[in-house]
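First, the structure itself, so that you have it in front of you.
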Amino acid sequence: MFECSPKVAELRDRVEAFMVTHVYPNERRHYDEAEKLGPWQVYPVVEELKPLARAAGLWNLFLPESEHGAGLTNFEYATLCETMGRSHLAPELFNCSAPDTGNMEVLARYGSPEHQERWLKPLLAGEIRSCFAMTEPAVASSDATNIESSIVRDGAHYVVNGRKWYTTNATDPRCKICIFMGKTDPENTDRHRQQSMILVPMDTPGVTVVRPIAVFGFYGVPDRASEVLFENVRVPVSNMLLGEGRGFEIAQGRLGPGRIHHCMRLIGLSERALEIMCKRGMSRVAFGKRIVDHGVWSERIAESRIAIDQCRLLTMHTADMMDKIGNKEARALIAMIKVAAPAMACKVIDWAIQAYGGGGTNNDVGLASAYATARLLRLADGPDEVHRDQIARLELGKYRAPATTHA
């Protein structure tokens, strides 16, 4: 149904070769460093392997139509993203990890030449990292109009106040810039014009990284979730992105491609889990026969194969439609994959853990952190319920009678 161009096929082969040579052999080291060094440190294995990926020409592959990347469409990048998603170690090595990918896209689209020189260039070079501060502990952030953080104009500066959490990367010592979402016009009758996004350098007085937040007990893998306090943080007016009241507009442009990336990485992670499930089931004997020869496992393996392929086809179709009709018109498809892929991944990875036995829960083979990733993504970038509601509203809209006019 979907065919890769020779260019993409060649890139995919090179990414797969890099994974075999450099990524898979270093995964155990990556998990060990994350556990021993914790979320406040740089992991040496990452810094050692990044130059190898860049030298191999496998760098910033996510950037579409850009002189800084491979110039791939969403559809073309999706296949590469799936391959990278097979390992927690891989995306950062190729400079293709969240939230930096989305932040780089925001800076490329909406940043001033000064912003791009100061922040985008070092991000593209993999010299620094960034964070995105939107979710807040005090409100239900699944409805982003609830955000209470404030951005108040004071002469030549904005004063930023708020408490954010699940701000990925904030504990990373390489994290130098934050894209912060808050309200500049809380009284605006249009609730989607109250919010703005502004650039906040992490070394600005008043920015405090309060703590790392564990994701199902993991720090640093699958990500560096963090709580950050912003107290009377003063940044220049020029740090405002696009203009006051444009925060939701930026968010929608940022989150569409990001959701595709998350879903394709989950498909790669699920493929890895299915491989582990099959190999473990074929190598272990229980009650006189191989685990895979017990009837329930034939059903689970088959269901996993069906579910993974269904999600891949839907996600590739979504990427194709984003390229053809744009993110806004493809929003129903984007919402569908954001519900389908994490749910599928949770099920497949859970079965892989069950097949592996107790060892599947201790992360020796990465299944525990894989499950944490999949379960987290039923919440990140919008929870399942929000996406289902949007899908239903768009579907019901097809059957509403058009408005009539009377002379």
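How many angstrom lie between the C-alpha centres of the stretch 273-298 and the stretch 321-346?
33 Å
Sequence neighbours fewer than 8 away in the same chain don't count; with that in mind, list the aspartates and glutamates whose C-alpha is under 19 Å from LYS398.
GLU329, ASP389
Applying the Karplus parametrisation 6.51 cos²θ - 1.76 cosθ + 1.60 with θ = phi - 60° to the phi angles of the stretch 188-196, what ³J(HN,Hα) value in whole Hz is obtained for each residue in order, glycine and proline being reported as x?
Each residue of the stretch 188-196 in turn: 4, 5, 8, 5, 8, 10, 7, 9, 9 Hz.
Are any of the pairs LYS121/LYS324; LYS279/LYS347; LYS121/LYS176 more than 23 Å apart by Cα-Cα distance, and if so, which?
Values: LYS121/LYS324 29 Å; LYS279/LYS347 18 Å; LYS121/LYS176 13 Å.
Going by Cα-Cα distance, LYS121/LYS324 fall outside the 23 Å limit.
Sort CYS81, CYS311, CYS278 so the one with the fewest other Cβ atoms within 10 Å of its own Cβ comes first. Write down the numbers at each step before the final one.
Numbers: CYS81 30, CYS311 24, CYS278 18.
Going from sparsest to densest Cβ surroundings: CYS278, CYS311, CYS81.
Additional query: Compute the projected area of the convex hull of the Cα atoms of the chain, averaged over all viewing directions, and report it in nm² to one decimal place.
23.4 nm²
Work from the charge dipole of the stretch 248-399 (Cβ charges, +1 for Lys and Arg, -1 for Asp and Glu, about the Cα centre) and give the residue of HIS294, ALA330, GLN390 farthest towards its positive end.
HIS294
Give me the percent of DSSP beta bridges within the chain that run antiparallel, rounded to the nearest 5.
Numbers: 29 of 35 bridges.
About 85 percent, rounded to the nearest 5.
Continuing with this model, one more query. Treating only the Cβ atoms of Lys and Arg (+1) and Asp and Glu (-1) as charged, compute the dipole magnitude of the stretch 264-353 about its Cα centre; round to the nearest 20 debye. Each step should come with its number before you reach the end.
Working: 15 positive and 10 negative charges, 52 e Å.
Using Cβ point charges on Lys, Arg, Asp and Glu, the stretch 264-353 gives about 260 debye.
Further, regarding this structure: Among 284-295, 196-207, how do they line up from the highest to the lowest mean number of other beta-carbon atoms within 10 Å? Present the calculation step by step, with values, prior to reporting the outcome.
On the way: 284-295: 12.0, 196-207: 18.9.
Top of the packing list down: 196-207, 284-295.
While we're here: What residue among ALA108, MET19, LEU52 has its Cα farthest toward the positive end of the dipole of the chain, where the charges are +1 on Lys, Arg and -1 on Asp, Glu, each on the Cβ?
MET19
Okay, next question. TYR24 label point, 7 Å along Cα→Cβ, cut-off 19 Å on backbone N: hits in the stretch 44-65?
Under cut-off, by backbone N: 49, 53.
Rounded to the nearest 20 Debye, what is the dipole magnitude of the chain about its Cα centre when Lys and Arg each give +1 and Asp and Glu each give -1 at the C-beta? If you can, show how the numbers build up before the last one.
Numbers: 48 positive and 50 negative charges, 123 e Å.
Charge dipole of the chain: 600 debye, to the nearest 20.
Rounded, prolate or oblate for the stretch 248-399? Axes are the square roots of the Cα gyration tensor eigenvalues, ordered a ≥ b ≥ c, and the cut-off for rounded is a/c under 1.5. Kindly include the intermediate steps, with their values, before the conclusion.
Values: a/c = 2.77, a/b = 2.24, b/c = 1.23.
Because a/c hits 1.5 or more and a/b exceeds b/c, the stretch 248-399 counts as prolate.
A further question follows. Can you put SER226, SER283 in order, fewest other beta carbons within 10 Å first? Each step should come with its number before you reach the end.
Values: SER226 25, SER283 10.
Fewest to most other Cβ atoms nearby, the residues stand as SER283, SER226.
Under a 5 Å amide H to amide H cut-off, with H placed in plane at 1.01 Å, what residues pair with ARG234 once short-range neighbours are removed?
HN-HN under 5 Å from ARG234: VAL160.
Please list, ordered by chain and number, the residues whose modelled amide H lies under 5 Å from the amide H of ALA133; skip anything fewer than 5 residues away on the same chain.
When sequence neighbours closer than 5 places are left aside, the close amide H contacts are ILE179, PHE180, MET181.
Moving on to the next point. Which of the listed residues, CYS278, HIS261, MET202, is farthest toward the dipole's positive end in the stretch 182-287, when Lys, Arg count +1 and Asp, Glu count -1 at the beta-carbon?
Sorting the options by dipole projection puts first CYS278.
From the C-alpha coordinates alone, can you work out the Kirkwood hydrodynamic radius of the stretch 302-356, in Å?
Final number for the Kirkwood radius of the stretch 302-356 is 12.0 Å.
Quickly work out the GLN252-to-GLU187 label distance, labels modelled 7 Å from Cα along the C-beta direction, and quote it in nm with one decimal.
Modelled inter-label distance: 2.7 nm.
Another question about this same structure. Just flag the GluC sites (Glu not before Pro) in the stretch 1-88 sitting in loop per DSSP whose Cβ has no more than 12 other Cβ atoms within 10 Å. Don't skip to the end; give the middle numbers.
Numbers: sites: GLU3, GLU10, GLU16, GLU27, GLU33, GLU35, GLU47, GLU48, GLU65, GLU67, GLU76, GLU82; in loops: GLU3, GLU65, GLU67.
Loop-located and lightly packed - GLU3, GLU65, GLU67.
Shifting gears a bit: Taking only DSSP H segments of four or more residues, each worth -39500 (n - 2.57), what value at 222 nm results for the chain once the sum is divided by all its residues, to the nearest 500 deg cm²/dmol?
Computed mean residue ellipticity for the chain: -15000 deg cm²/dmol.
Starting from the Cα of ASN161, step 7 Å along the direction of its Cβ; do the same at GLU395; then give the gap between the two resulting points in nm.
Computed distance between label sites ASN161 and GLU395 equals 4.5 nm.
Please list, in chain and number order, the residues 5+ apart from ARG211 or on another chain whose amide H is under 5 Å from its amide H, with Hs placed from the backbone.
GLU227
Would you mind counting up the charge near GLY256? Only other residues with Cβ under 9 Å from its Cβ, with Lys and Arg at +1 and Asp and Glu at -1. Display every interim value, and only then the final one.
Details: positive: ARG254, ARG259, LYS328, ARG331; negative: none.
Local charge sum for GLY256: +4.
For the stretch 43-102, what class follows from the C-alpha gyration tensor (a ≥ b ≥ c being the square roots of its eigenvalues): rounded when a/c is under 1.5, otherwise prolate if a/b is larger than b/c, else oblate? All intermediate terms of the calculation are to be shown ahead of the outcome.
Working: a/c = 1.90, a/b = 1.46, b/c = 1.31.
Here the stretch 43-102 falls in the prolate category.
Hey, could you get me the Stokes-Einstein D for the stretch 109-253, Kirkwood radius over alpha-carbon pairs, 10 °C and 1.306 mPa s, rounded to whole µm² s⁻¹? If you can, show how the numbers build up before the last one.
Numbers: Rh = 15.4 Å.
Translational D for this selection: 103 µm²/s.
What's the exposure ranking of LYS164, LYS176, going from fewest to most Cβ atoms within 10 Å? Could the numbers behind the result be given before it?
Numbers: LYS164 26, LYS176 18.
So the residues, fewest neighbours to most, are LYS176, LYS164.
Pop out the ³J(HN,Hα) list for the stretch 7-21 in order, Karplus 6.51 cos²θ - 1.76 cosθ + 1.60 with θ = phi - 60°, rounded to Hz; leave Gly and Pro as x.
Those phi angles translate into 4, 5, 4, 5, 5, 4, 4, 5, 5, 4, 5, 5, 4, 5, 7 Hz.
Once phi is turned into ³J(HN,Hα) by the Karplus curve 6.51 cos²θ - 1.76 cosθ + 1.60 with θ = phi - 60°, what whole-Hz value does each residue of the stretch 51-59 show in order, with x for glycine and proline?
Result, rounded to whole Hz: x, 5, 5, 5, 5, 7, x, 10, 9.
Mind listing P(r) for the stretch 1-77? All alpha-carbon pairs, 10 Å bins, whole percents.
Answer for the stretch 1-77: a P(r) of 17, 39, 30, 14, 1 percent.
To the nearest 0.05, what FRET efficiency results for ALA56 and VAL210 with a Förster distance of 35 Å applied to their C-beta separation? Before the final figure, lay out each step's value.
On the way: r = 38 Å, r/R0 = 1.10.
Here the calculated transfer efficiency is 0.35.
Right, next: Just flag the trypsin sites (Lys or Arg not before Pro) in the stretch 25-70 sitting in loop per DSSP whose Cβ has no more than 11 other Cβ atoms within 10 Å. Mind showing how you got there, number by number?
Numbers: sites: ARG28, ARG29, LYS36, ARG54; in loops: none.
Answer by residue number: there is no such site.
Sticking with this structure for a sec: To the nearest 20 Debye, how big is the dipole of the stretch 255-407 about its Cα centre, given +1 on the beta carbon of each Lys and Arg and -1 on that of each Asp and Glu? Numbers along the way, then the final one.
Values: 22 positive and 16 negative charges, 9 e Å.
With only Lys, Arg, Asp and Glu charged at Cβ, the dipole is about 40 debye.
I would also like to ask the following. Quick one, what does Rg over Rh come out to for the stretch 1-157 if you take C-alpha atoms and the Kirkwood Rh? Walk me through the numbers before you get to the answer.
Numbers: Rg = 18.0 Å, Rh = 17.6 Å.
A ratio of 1.02.
Each reported figure results from applying straightforward, stated rules to the coordinates on display, with no laboratory input. Treat the numbers as computed from the prediction; the structure is a model and nothing was measured. All Cβ positions, glycine included, derive from the backbone under ideal geometry; neighbour counts span all protein chains shown.
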